[in-house]
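Note sheet for the following structure.
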Amino acid sequence: MVRPADVDYLRDYNDASVVAVARRAGVFDRAMIASATGLTPQAVSKVVARLVAAGLVEPDGVRRHGVGKPASVYRLVPDSRYAIGAHVARGTLRMVLSDLTGRVLQTVARPLPPDFTPGRLLDELSAGVGALAGECRAGRLVGVGIGMVGPLDHAQGVVRDAHRLRHWHDVPLREMAAERLGLPVLLDKDVAAGVVGEAWLGGVDVRDAALIMVESGIGAGLWLGGGVYRGAHTNAGEFGHMVVQVDGPECVCGRRGCLEILHDRALAAGEAGTAARVLAVGVVNLLQTLDVDHVVLAGADLLPHAATYLDVVRTAVRTEVPRADWLAVEVTTSRLGTDVIAAGAAMEMLNERYGLPREPRPGERVPGPGAARPGGRPPSRA
């Protein structure tokens with residue numbers, strides 16, 4: 001027997017599966033959906049009808065496949081839903097409004113005072129949401145995604161002692177922001193949100209990648225096996241705190257000789273080439289450990305020197321990775337520029353509602369035996 005809650009899960013899963021296909025394809029018919037999702041024709045018809053009624057997709061004429069009755073064609077409606085993404089850095093709050101495809105429609109940036117408090121951040125978030133939400137058609141704002149400096153616990157929505165911020169010890173930011181904004185809120189590490197944004201742009205071909213973020217610190221967002229990797233405690237990506245000089249200067253994390261402190265000191269001294277070389281050492285170490293085939297360089301501190309960083313990192317990858325002819329790696333800068341974290345956070349929020357259902361957070365209901373985990377196929381029940 002399938003419980004009502006499981007039926008809801010399956011319906012949401014099927015709806016999300018079709019939206020995901022529509023987002024990639026642009027224009028689709030029922031046969032394409034059935035082939036991509038494994039749903040029966042009857043289930044596809046029910047899902048498409050629900051999505052049309054909700055305004056998420058709309059008819060777009062007919063398409064003829066050889067002899068026989070032409071097939072009805074549909075397309076995604078980008079402005080049917082919106083999300084707001086926020087990038088909380090140590091001195092700025094950058095926010096974007098995104099449509100259902102992840103396209104950035106509007107951006108606002110607000111300064112944050114040194115060592116800002118949770119209350120001050122909530123004030124600025126509220127003001128930013130107010131400025132951006134006016135662009136949405138009524139009732140179509142899905143929620144707010146927040147990408148923030150870590151360490152933080154994505155599963156619990158709690159910021160855990162963010163580096164260089166005194167007032168952020170075990171702060172339940174997701175819960176506080178949802179209460180303040182009156183909207184669903186997703187909280188993630190900044191680099192995790194950023195790599196999601198880059199992966200969205202890359203589409204289904206992006207399987208393994210790393211986003212290296214250089215902005216008031218250094219972190220790495222990891223996209224492994226076609227999904228964001230957060231680690232056992234959802235705090236993966238503290239790339240800047242790998243030790244590269246055992247007797248080096250003390251870092252903000254308490255260790256000595258971290259990549260971040262060596263890089264930041266070189267950059268502050270105006271030695272962008274040296275800073276890039278330090279970063280390149282870390283990138284090669286990461287490639288030796290994880291064997292990704294795409295590295296994206298991003299961040300407000302890096303982008304003004306993008307040509308230097310690209311040249312130095314590409315040279316290191318070409319000359320220091322054994323068998324670079326076989327272990328080929330593409331190194332690029334972010335296609336989303338300074339919006340990469342905020343845009344990625346908005347895309348995560350859209351994925352929370354209109355992507356394949358995520359793994360339940362600790363304490364949440366686990367889907368029953370009739371339902372599938374994300375990445376699997378549930379029964380073809382509409």
If we ask which residues in the range 333-351 are modelled with pLDDT of 95 or more and open to solvent by 30 Å² or more (accessible area, probe 1.4 Å), their number turns out to be 1
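Matching residues to (1) farther than 22 Å from D301 by Cβ; (2) aromatic (F, W, Y); (3) free of Cβ contacts under 8 Å to residues at least 24 places away in the same chain; (4) in a loop (DSSP other than H, G, I, E, B):
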site	(1), (2), (3), (4)
A192	no, no, no, no
A199	yes, no, no, no
L211	no, no, no, no
G221	no, no, no, no
V228	yes, no, no, no
T234	yes, no, no, yes
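Of all residues being in a loop (DSSP other than H, G, I, E, B) and of a type in the set (V, I, T) in the range 100-132, which is modelled with the lowest pLDDT? Just the residue, please.
T101
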Does H163 fit the bill of being open to solvent by 30 Å² or more (accessible area, probe 1.4 Å), modelled with pLDDT under 95, assigned to a loop (DSSP other than H, G, I, E, B) and touching a Pro at 6+ places or on another chain (Cβ under 8 Å)?
yes
Find the residue count for the range 142-159, including only residues that are open to solvent by 10 Å² or more (accessible area, probe 1.4 Å), more than 18 Å from G217 (Cα to Cα) and either assigned to a loop (DSSP other than H, G, I, E, B) or among the polar types (S, T, N, Q) (or both).
3
What do you reckon, is A53 open to solvent by 40 Å² or more (accessible area, probe 1.4 Å), at pLDDT below 90 and hydrophobic (A, V, I, L, M, F, W, C)?
no
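Scan A31, A89, A16 and give me the residue that is over 30 Å from R174 (Cβ atoms), in contact with a helix residue (DSSP H, G or I) (Cβ under 9 Å, 6 or more places away or on another chain) and either β-branched (V, I, T) or surrounded by 13 or more Cβ atoms within 10 Å (Cβ to Cβ) (or both). Give the derivation first.
Numbers: A89 fails: over 30 Å from R174 (Cβ atoms); A16 fails: over 30 Å from R174 (Cβ atoms).
Criteria check complete, one pass: A31.
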Failed criterion for E250 (all others in (1) open to solvent by less than 60 Å² (accessible area, probe 1.4 Å); (2) charged (D, E, K, R); (3) free of Cβ contacts under 8 Å to residues at least 12 places away in the same chain hold)
(1)
Against the definition (modelled with pLDDT of 95 or more, buried (at least 17 other Cβ atoms within 10 Å of the Cβ) and either among the aliphatic types (A, V, I, L, M) or outside any strand (DSSP E or B) (or both)), how does A316 come out, yes or no?
yes
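Residue-by-condition table, conditions (1) touching a strand residue (DSSP E or B) at 6+ places or on another chain (Cβ under 8 Å); (2) among the acidic types (D, E):
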residue: L51; (1), (2): yes, no
residue: A54; (1), (2): no, no
residue: V57; (1), (2): yes, no
residue: K69; (1), (2): no, no
residue: S72; (1), (2): yes, no
residue: L76; (1), (2): yes, no
residue: G91; (1), (2): yes, no
residue: D99; (1), (2): yes, yes
residue: V104; (1), (2): yes, no
Tell me whether the range 212-220 contains one or more residues that are among the charged types (D, E, K, R) and open to solvent by less than 50 Å² (accessible area, probe 1.4 Å).
yes
Mind telling me which of the residues R256, R277 ends up being of a type outside the set (S, T, N, Q), open to solvent by 10 Å² or more (accessible area, probe 1.4 Å) and in contact with a Pro (Cβ under 9 Å, 6 or more places away or on another chain)?
R256
Is it fair to say V191 is over 16 Å from I84 (Cα atoms), among the β-branched types (V, I, T), open to solvent by less than 30 Å² (accessible area, probe 1.4 Å) and in contact with a helix residue (DSSP H, G or I) (Cβ under 7 Å, 6 or more places away or on another chain)?
no
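The values are calculated or read from the model by the stated rules, or taken from the named source; none is laboratory data. Note that the coordinates shown come from a computational prediction; the quantities given were computed from them, not determined experimentally. Glycine gets a Cβ as well: all are built from the backbone with ideal geometry, and neighbour counts include every protein chain shown. SASA here: full protein model, heavy atoms, side chains in, ligands and nucleic acids out. Shrake-Rupley method; radii C 1.70, N 1.55, O 1.52, S 1.80 Å.
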